[in-house]
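Below is one structure, written out as structure tokens; the observations come after it.
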Amino acid sequence: MEQNRSNFRRRIRVAGNQEPADVVIRNGRIVNVFTGELMLGDIAIADGMIAGIGKYEGKETIDAQGKYIVPGFIDGHVHIESSLLTPQQFARVLLLHGVTTVVTDPHEIANVAGSDGIQFMLDAAEGLPFDSYVMLPSCVPATPFESNGAQLDAEHLMPFFQHPNVLGLAEVMDYPSVANTETRMLNKLAVTHEAGALIDGHAAGISRDGLNVYMAAGIRSDHESISLQEAQDRLDLGMYLMIREGTVAKDLDALLPVITARNSRRCLFVTDDKLIDDLLSEGSIDHIVRRAVAKGLDPITAIQMATLNTAECFRLREHGAIAAGYQADLLLLDDLEQVKIHQVFKRGRCVVDGGKLVEEAFPMEDPKSVSLSRKLPVLNVHQVEESHLTIPLKGDRCHVIEIIPNSLVTNHRIEQVEVKDGMFSPSVDSDLLKIAVIERHQATGNVGVGIVRGFGLKRGAIATTVAHDSHNIVVVGVSDEEILAAIEEVTRTGGGASVVAGDEVLASLPLPIAGLLSDRPYEEVNEGLKKLNLAMAEIGASQNFNPLLTLSFLTLPVIPSLKMTDKGLFDFTSFSHIEVEA
């Protein structure tokens, strides 16, 4: 308390020019996200906070040399686990792209490890020159139609609301439980309201009337719009519209036309799920800003959406703007439209300079989080045999999952398939391959098997323990032998991803932390992912989308239309499992 008072006192004195600032940045063109204009003046920084804008002297002076100065970007909804990196390594990558703050949902690791998974993500983010705020997972398990590793009820979530970096309840995806006021869901919503916290939505496939149900439950934001009408519905009914551009789901092109001068302040950018290779090659929120500007959005409006709008959506009162009393999270840009980053400041300290991380700004990895990561559960898999992978058929017409490139949504098709000895036989020519989901948490022996079109494999198999949202093992392949070999490799490495052809492992990426995260530096993870991508291309995987991440989302039953779980083929329309044979 006394330290806070001392900092507060000093900041006021610096603001009033009664003592020098720690740092003064001058000669920059400041983007004022409140007024939408450019502003001139010295930026005075004291104890990591902005003390004032005007005429100031400081112990250190930085000449911005006419560069644009904008607030640090904020990602309003991201699953860190989808990058395959620990929070420490994730922070290093995002800071290179000017993202100084994220609002994350540790939903993935919680479905494997429950409360311990959430605690690991909180602990691992401590002490970083980066802010990682948490929205607590609302649906663990995501649905009763698949097997996961944990169950989190209201009583498990309540203690986390005391943590200063916990903001609320994340993407509520179980709409039927909300609409039917199911007790477990109602309890989670109630304790969140009682804590004065926020609630995010996940309204994929939900009608306009359904959005009223969400709003009535206190759910005020959503990132699942994929059409102009869906985006307009959310804005009309009072929601914040999250515009998503990740590795698989890319909604910017479809949603950008909805933005007007009158409604832009209710819109923000999110990545949701993005792999390390795309983060390094494209970027994060900076990439979305660049694309939005290139498609005609006013640059300052785009920056406002990437900063102040997100901060206001999540009540981050000291983030998102360059003004006295705000955290000194700043980007110096050579170019406003291209978002060419020269320097990144976090709490007044330079953490990226000339495209390179300032290593002194980063602490050593916390031994506590390393220790906890070793206690997280990984694999508990029942032995899988060829007999578990068969699809017996009486006829030759089957329900087929059809991939829509760069979308989480799939098509539900009925196709004529090849049958041999009364069993489905994969066809490379027809691009009808076998997909299987193997339960990996409780050794139940559950194996769901179905048919998928769109991967384009000519040989081999791809397997991964990253399988949203329950994160069982998911595998696609052209033969049972290769499918089993891919499963064996990810089991051998204690979780991860593998690509096989025949009896040869072409590439393998170990993910030993809960079968979701690597314990290696981001550069090594990126190299491992490159080898996976090359191996997938070698066996014929389509290059029109990311095959690995697409595979990982084919197990997500809360997204239309047809998906695969360890309990069988799941039809979103009827919200039930169906037989593979039509």
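Taken over segment 444-489, the criterion of being touching a residue at least 40 places away in the same chain (Cβ under 8 Å) and in a helix (DSSP H, G or I) is satisfied by 480, 481, 483, 484, 487.
Cβ separations smaller than 9 Å between residues 6+ apart or across chains give the following pairs from segment 372-401 residues that are outside the structural domain of residue 477 (by TED's automatic domain parsing) and exposed (fewer than 15 other Cβ atoms within 10 Å of the Cβ) to residues that are part of a loop (DSSP other than H, G, I, E, B) and basic (Lys, Arg): 380/440. Restricting attention to segment 44-68, which residues are among the charged types (D, E, K, R) and outside any strand (DSSP E or B)? If the condition is that a residue be among the charged types (D, E, K, R) and outside any strand (DSSP E or B), then 47, 55, 57, 67 are the ones that fit. Each residue in segment 261-294 was checked for being part of a loop (DSSP other than H, G, I, E, B) and within 23 Å of residue 107 (Cα to Cα), and 6 of them qualify. The set of residues in segment 127-185 being assigned to a loop (DSSP other than H, G, I, E, B) and aliphatic (A, V, I, L, M) consists of 128, 140, 142, 150, 152, 173.
Check 475, 428 and return the single one that is surrounded by fewer than 22 Cβ atoms within 10 Å (Cβ to Cβ) and in the same structural domain as residue 529 (by TED's automatic domain parsing).
Just one listed residue meets the conditions, 428.
Scan segment 92-126 for residues that are among the charged types (D, E, K, R), surrounded by fewer than 24 Cβ atoms within 10 Å (Cβ to Cβ) and assigned to a helix (DSSP H, G or I) and jot them down. Correct list: 92, 116, 123.
Okay, residues lined up against (1) among the charged types (D, E, K, R); (2) closer than 30 Å to residue 437 by Cβ; (3) touching a strand residue (DSSP E or B) at 6+ places or on another chain (Cβ under 6 Å):
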| position | (1), (2), (3) |
| --- | --- |
| 316 | no, no, no |
| 332 | no, no, yes |
| 337 | yes, no, no |
| 349 | yes, no, no |
| 352 | no, no, yes |
| 357 | no, no, no |
| 361 | no, no, yes |
| 380 | no, yes, no |
| 383 | no, yes, no |
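Residue 556: outside any loop (DSSP other than H, G, I, E, B) and either over 15 Å from residue 437 (Cβ atoms) or in contact (Cβ under 8 Å) with a residue 60 or more places away in the chain (or both), yes or no? Answer is no for this residue. Can you pull out the residues in segment 43-75 that are surrounded by fewer than 22 Cβ atoms within 10 Å (Cβ to Cβ) and farther than 22 Å from residue 304 by Cβ? Scanning segment 43-75 gives 47, 48, 54, 55, 57, 58, 59, 60, 61, 62, 63, 65.
Within segment 275-282, is there a residue that is out of contact with any strand residue (DSSP E or B) (no Cβ under 6 Å at 6 or more places or on another chain), within 18 Å of residue 356 (Cα to Cα), free of Cβ contacts under 8 Å to residues at least 60 places away in the same chain and not hydroxyl-bearing (Ser, Thr, Tyr)? Looking through segment 275-282, at least one residue is out of contact with any strand residue (DSSP E or B) (no Cβ under 6 Å at 6 or more places or on another chain), within 18 Å of residue 356 (Cα to Cα), free of Cβ contacts under 8 Å to residues at least 60 places away in the same chain and not hydroxyl-bearing (Ser, Thr, Tyr).
For segment 253-274, filtered to residues that are of a type in the set (D, E, K, R) and in contact with a strand residue (DSSP E or B) (Cβ under 8 Å, 6 or more places away or on another chain), the residue that is surrounded by the most Cβ atoms within 10 Å (Cβ to Cβ) is 274.
Go through segment 207-223 and give me each residue that's assigned to a loop (DSSP other than H, G, I, E, B) and within 30 Å of residue 317 (Cβ to Cβ).
Step one: filter segment 207-223 for residues assigned to a loop (DSSP other than H, G, I, E, B), giving 207, 217-220, 223.
Across segment 207-223, the qualifying residues are 217, 218, 219, 220, 223.
Tell me the strands (runs of 3 or more DSSP E) entirely within segment 323-362 that contain at least 3 residues that are in the same structural domain as residue 40 (by TED's automatic domain parsing) and within 26 Å of the chain's Cα centre (by Cα). Give the derivation first.
Numbers: elements: 330-335, 340-346, 349-353.
Filter on segment 323-362 gives an empty set.
Would you confirm whether any residue within segment 151-162 is within 16 Å of residue 221 (Cβ to Cβ), assigned by TED's automatic domain parsing to the domain that holds residue 128 and not basic (Lys, Arg)? There is no residue in segment 151-162 that is within 16 Å of residue 221 (Cβ to Cβ), assigned by TED's automatic domain parsing to the domain that holds residue 128 and not basic (Lys, Arg).
Between 534, 549, 529, the distinction of being touching a helix residue (DSSP H, G or I) at 6+ places or on another chain (Cβ under 6 Å) and more than 26 Å from residue 423 (Cβ to Cβ) belongs to 529 only.
Kindly indicate whether any position in segment 193-206 is in a loop (DSSP other than H, G, I, E, B) and of a type in the set (D, E, K, R). If you could, list the steps in order and put the result at the bottom.
So in segment 193-206, the residues in a loop (DSSP other than H, G, I, E, B) come out as 195-197, 202-206.
From what is left, the residues that are of a type in the set (D, E, K, R) are none.
No.
Taking the condition polar (S, T, N, Q), at pLDDT 95 or above and either part of a strand (DSSP E or B) or crowded, with 22+ Cβ neighbours inside 10 Å (or both), does residue 89 pass? It would help to see each step written out before you state the result.
Numbers: polar (S, T, N, Q): yes; at pLDDT 95 or above: yes; either part of a strand (DSSP E or B) or crowded, with 22+ Cβ neighbours inside 10 Å (or both): yes.
Considered against the rule, which asks whether it is polar (S, T, N, Q), at pLDDT 95 or above and either part of a strand (DSSP E or B) or crowded, with 22+ Cβ neighbours inside 10 Å (or both), residue 89 comes out as yes.
Just to be sure before I move on: is residue 289 within 20 Å of the chain's Cα centre (by Cα) and closer than 30 Å to residue 464 by Cα in the structure I sent?
No: the conditions fail for residue 289.
The rows are residues; the columns are (1) more than 20 Å from residue 93 (Cα to Cα); (2) in contact (Cβ under 8 Å) with a residue 12 or more places away in the chain.
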position	(1), (2)
304	yes, yes
308	yes, yes
317	yes, no
333	no, yes
353	no, no
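Remark: residue 525 matches the filter, which requires a residue to be among the aliphatic types (A, V, I, L, M), surrounded by 19 or more Cβ atoms within 10 Å (Cβ to Cβ) and over 26 Å from residue 410 (Cβ atoms).
Only one of 221, 227, 207 is of a type in the set (Ser, Thr, Tyr), touching a helix residue (DSSP H, G or I) at 6+ places or on another chain (Cβ under 9 Å) and buried (at least 18 other Cβ atoms within 10 Å of the Cβ). Can you tell me which?
Numbers: 227 fails: buried (at least 18 other Cβ atoms within 10 Å of the Cβ); 207 fails: buried (at least 18 other Cβ atoms within 10 Å of the Cβ).
Residue meeting the stated conditions: 221.
How many residues does segment 230-243 contain that are farther than 15 Å from residue 205 by Cβ and surrounded by 17 or more Cβ atoms within 10 Å (Cβ to Cβ)? Lay out the reasoning, then the answer.
Going through segment 230-243, the residues farther than 15 Å from residue 205 by Cβ turn out to be 232, 235-243.
Then drop every residue that is not surrounded by 17 or more Cβ atoms within 10 Å (Cβ to Cβ), which leaves 232, 235, 239-243.
Residues that pass the stated criteria total 7.
In segment 509-538, which residues are in contact with a strand residue (DSSP E or B) (Cβ under 6 Å, 6 or more places away or on another chain) and part of a helix (DSSP H, G or I)? Across segment 509-538, the qualifying residues are 528, 531, 532, 535, 536.
The values are calculated or read from the model by the stated rules, or taken from the named source; none is laboratory data. Every value quoted in this text rests on a predicted model; they were computed, and no experiment measured them. Quick reminder, even Gly has a Cβ in these numbers, built from the backbone with ideal geometry, and neighbours come from all protein chains shown.
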